[in-house]
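Following: one structure in C-alpha coordinates, then a few remarks.
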Amino acid sequence: KNVLEIGTFTGYSAVTMSLVLPKNGSITCLDINKTTSKSASNFFKRAHVDKKINIILGPALNTLKNLIGINKNYDLIFIDADKENYKKYFNLSLKLINKDGLVIIDNVLWHGDVANKNKNDKFTNIIREFNSIVKDDNRVEKFILPIGDGVTICKKV
(Lines give C-alpha, C1' and ligand atoms only; values in the text may rest on other atoms or scores of the structure.)
Protein backbone atom coordinates (compact mmCIF):
# COMPACT_ATOMS: atom_id res chain seq x y z
CA LYS A 1 0.00 0.00 0.00
CA ASN A 2 2.79 2.44 0.90
CA VAL A 3 5.85 2.43 -1.33
CA LEU A 4 9.10 4.37 -1.19
CA GLU A 5 11.27 4.62 -4.28
CA ILE A 6 14.87 5.80 -3.89
CA GLY A 7 15.97 7.01 -7.31
CA THR A 8 13.18 7.74 -9.78
CA PHE A 9 14.86 8.89 -13.00
CA THR A 10 12.02 9.18 -15.55
CA GLY A 11 9.47 7.30 -13.43
CA TYR A 12 9.14 3.95 -15.22
CA SER A 13 9.32 1.88 -12.03
CA ALA A 14 7.00 4.21 -10.12
CA VAL A 15 4.38 4.07 -12.87
CA THR A 16 4.61 0.28 -12.99
CA MET A 17 4.25 -0.08 -9.23
CA SER A 18 1.43 2.48 -9.02
CA LEU A 19 -0.68 0.55 -11.52
CA VAL A 20 -0.97 -2.38 -9.09
CA LEU A 21 -1.46 -0.39 -5.90
CA PRO A 22 -4.87 -0.30 -4.23
CA LYS A 23 -6.88 2.91 -4.65
CA ASN A 24 -5.64 4.21 -1.32
CA GLY A 25 -2.02 3.26 -2.05
CA SER A 26 0.76 5.77 -2.57
CA ILE A 27 4.35 6.04 -3.73
CA THR A 28 6.88 8.51 -2.43
CA CYS A 29 9.72 9.03 -4.92
CA LEU A 30 13.08 10.42 -3.85
CA ASP A 31 15.30 11.95 -6.49
CA ILE A 32 17.84 14.73 -6.76
CA ASN A 33 17.48 15.58 -10.45
CA LYS A 34 14.95 18.33 -11.16
CA THR A 35 14.91 17.71 -14.93
CA THR A 36 14.26 13.97 -14.82
CA SER A 37 11.76 14.42 -11.98
CA LYS A 38 9.78 16.84 -14.15
CA SER A 39 9.82 14.27 -16.94
CA ALA A 40 8.67 11.60 -14.46
CA SER A 41 5.79 13.85 -13.33
CA ASN A 42 4.66 14.17 -16.92
CA PHE A 43 4.66 10.38 -17.32
CA PHE A 44 2.71 10.03 -14.07
CA LYS A 45 0.04 12.36 -15.46
CA ARG A 46 -0.09 10.58 -18.81
CA ALA A 47 -0.55 7.23 -17.01
CA HIS A 48 -3.26 8.78 -14.77
CA VAL A 49 -1.38 7.80 -11.61
CA ASP A 50 -0.15 11.25 -10.58
CA LYS A 51 -2.56 11.37 -7.62
CA LYS A 52 -0.82 8.31 -6.12
CA ILE A 53 2.76 9.55 -6.54
CA ASN A 54 4.65 12.26 -4.68
CA ILE A 55 8.20 13.27 -5.64
CA ILE A 56 10.52 14.69 -2.99
CA LEU A 57 13.46 16.49 -4.58
CA GLY A 58 16.75 16.55 -2.74
CA PRO A 59 19.51 14.28 -1.47
CA ALA A 60 17.85 10.96 -0.61
CA LEU A 61 20.01 10.36 2.47
CA ASN A 62 18.68 13.57 4.05
CA THR A 63 15.10 12.75 3.12
CA LEU A 64 15.41 9.21 4.50
CA LYS A 65 16.67 10.58 7.82
CA ASN A 66 13.75 13.02 7.90
CA LEU A 67 11.28 10.20 7.21
CA ILE A 68 12.82 8.16 10.04
CA GLY A 69 12.47 11.20 12.30
CA ILE A 70 8.72 11.38 11.69
CA ASN A 71 8.29 7.59 12.07
CA LYS A 72 7.13 7.03 8.50
CA ASN A 73 6.79 3.37 7.52
CA TYR A 74 6.52 1.59 4.19
CA ASP A 75 5.44 -1.81 2.90
CA LEU A 76 7.89 -1.77 -0.01
CA ILE A 77 11.08 0.17 -0.66
CA PHE A 78 12.72 0.10 -4.08
CA ILE A 79 16.37 1.20 -4.28
CA ASP A 80 17.72 2.25 -7.67
CA ALA A 81 19.84 5.34 -7.12
CA ASP A 82 23.55 6.20 -6.93
CA LYS A 83 25.42 2.98 -6.26
CA GLU A 84 27.95 4.60 -3.91
CA ASN A 85 25.19 5.03 -1.32
CA TYR A 86 23.47 1.65 -1.67
CA LYS A 87 24.75 0.49 1.75
CA LYS A 88 23.46 3.65 3.44
CA TYR A 89 20.13 3.49 1.60
CA PHE A 90 19.73 -0.14 2.59
CA ASN A 91 20.47 0.45 6.27
CA LEU A 92 18.17 3.47 6.47
CA SER A 93 15.47 1.57 4.58
CA LEU A 94 15.47 -1.12 7.24
CA LYS A 95 14.43 1.56 9.75
CA LEU A 96 11.50 2.57 7.52
CA ILE A 97 10.22 -0.78 6.29
CA ASN A 98 7.42 -2.59 8.11
CA LYS A 99 8.08 -6.06 9.51
CA ASP A 100 7.58 -8.52 6.64
CA GLY A 101 7.95 -5.59 4.22
CA LEU A 102 10.12 -5.85 1.12
CA VAL A 103 13.25 -3.94 0.21
CA ILE A 104 14.10 -4.45 -3.46
CA ILE A 105 17.47 -3.36 -4.82
CA ASP A 106 18.11 -3.01 -8.55
CA ASN A 107 21.32 -3.57 -10.55
CA VAL A 108 22.92 -6.09 -8.17
CA LEU A 109 24.46 -8.16 -10.98
CA TRP A 110 25.88 -5.05 -12.66
CA HIS A 111 25.80 -6.29 -16.26
CA GLY A 112 27.12 -9.64 -15.02
CA ASP A 113 30.40 -7.97 -14.06
CA VAL A 114 30.12 -8.94 -10.37
CA ALA A 115 30.73 -12.57 -11.39
CA ASN A 116 33.76 -11.72 -13.53
CA LYS A 117 36.90 -11.74 -11.35
CA ASN A 118 38.72 -9.75 -14.02
CA LYS A 119 36.33 -6.80 -13.63
CA ASN A 120 37.50 -4.58 -10.82
CA ASP A 121 36.28 -1.11 -11.69
CA LYS A 122 34.87 1.19 -9.01
CA PHE A 123 31.17 0.43 -9.51
CA THR A 124 31.59 -3.33 -9.90
CA ASN A 125 33.48 -3.43 -6.60
CA ILE A 126 30.88 -1.23 -4.89
CA ILE A 127 28.09 -3.60 -5.98
CA ARG A 128 30.15 -6.67 -4.97
CA GLU A 129 30.73 -5.22 -1.51
CA PHE A 130 27.06 -4.28 -1.18
CA ASN A 131 25.95 -7.79 -2.18
CA SER A 132 28.29 -9.26 0.42
CA ILE A 133 26.87 -7.02 3.14
CA VAL A 134 23.29 -7.97 2.28
CA LYS A 135 24.22 -11.67 2.09
CA ASP A 136 25.50 -11.54 5.68
CA ASP A 137 22.65 -9.39 7.07
CA ASN A 138 20.43 -11.42 9.40
CA ARG A 139 17.78 -8.69 9.63
CA VAL A 140 16.40 -9.86 6.28
CA GLU A 141 15.62 -12.96 4.29
CA LYS A 142 16.96 -12.39 0.80
CA PHE A 143 17.61 -13.72 -2.66
CA ILE A 144 18.87 -12.39 -5.96
CA LEU A 145 16.50 -12.66 -8.89
CA PRO A 146 18.76 -12.91 -11.98
CA ILE A 147 16.56 -11.02 -14.44
CA GLY A 148 17.58 -7.88 -16.26
CA ASP A 149 20.51 -6.42 -14.36
CA GLY A 150 19.59 -8.45 -11.26
CA VAL A 151 17.42 -7.49 -8.31
CA THR A 152 17.81 -8.47 -4.70
CA ILE A 153 14.56 -8.98 -2.83
CA CYS A 154 14.79 -8.71 0.95
CA LYS A 155 12.02 -9.40 3.46
CA LYS A 156 12.48 -7.78 6.85
CA VAL A 157 12.20 -10.38 9.61
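Computed with every protein chain present, the accessible area of ILE68 is close to 50 Å² [probe 1.4 Å].
The trypsin sites (Lys or Arg not before Pro) of the range 108-157 that DSSP puts in a loop, and whose beta carbon has at most 15 other beta carbons within 10 Å, are LYS117, LYS119, ARG139.
Computing FRET efficiency as 1/(1 + (r/R0)^6) for ASP82 and SER26, where r is the C-beta to C-beta distance and R0 is 22 Å, gives about 0.35.
Our estimate of slack between ILE68 and THR35, defined as 0.36 nm per intervening residue step minus the Cα-Cα distance, is 9.2 nm. Gyration tensor over the Cα atoms of the range 1-57: the corresponding equivalent ellipsoid has semi-axes (square roots of 5 times the eigenvalues, largest first) of 17, 12, 8 Å. Dividing the Cα radius of gyration of the chain by its Kirkwood radius returns 0.96 for Rg/Rh. The helix-only estimate of mean residue ellipticity at 222 nm for the chain, built from DSSP H runs of length n ≥ 4 each weighted as -39500 (n - 2.57), is -10500 deg cm²/dmol after division by the residue total. Rounded to the nearest 10 square angstrom, LEU102 shows an accessible area of 60 square angstrom against a 1.4 Å probe. Over the range 118-157, the hull volume per residue, using the convex hull of the C-alpha atoms, is 73 Å³. For the chain, a crude dipole built from +1 on the beta carbon of Lys and Arg and -1 on the beta carbon of Asp and Glu, taken about the Cα centre, is about 420 debye to the nearest 20. With all protein chains kept in place, the per residue accessible area of the range 46-86 amounts to 56 square angstrom at a probe of 1.4 angstrom.
Sequence-distant contacts, meaning Cα pairs under 8 Å at least 6 residues apart, place the relative contact order of the chain at 21 percent.
Counting only Cβ charges, +1 for Lys and Arg and -1 for Asp and Glu, the dipole size of the range 92-157 around its Cα centre is about 180 debye. Summing Lys and Arg as +1 and Asp and Glu as -1 over all other residues whose Cβ lies under 12 Å from the Cβ of ALA14 gives a net charge of -3. With a cut-off of 11 Å between beta carbons, the residues surrounding ASP121 carry a summed charge of +2, where Lys and Arg count +1 and Asp and Glu -1. In the chain, the portion of solvent-accessible area held by carbon and sulfur atoms comes to 55 percent [1.4 Å probe, whole percent, DNA, RNA and ligands not counted]. Looking at the range 35-89, the pairs of alpha carbons with a distance over 18 Å make up 46% of the total. Spread over its residues, the convex hull of the C-alpha atoms of the range 82-142 is 80 Å³ per residue.
The values are calculated or read from the model by the stated rules, or taken from the named source; none is laboratory data. All values reported here derive from a predicted model rather than from experimental measurement. Here the Cβ is made from the backbone with ideal geometry for all residues, glycine too, and neighbour counts use every protein chain on show. To get the accessible areas, we keep the full protein, side chains included, count just its heavy atoms, and leave off ligands, DNA and RNA. Shrake-Rupley method; radii C 1.70, N 1.55, O 1.52, S 1.80 Å.
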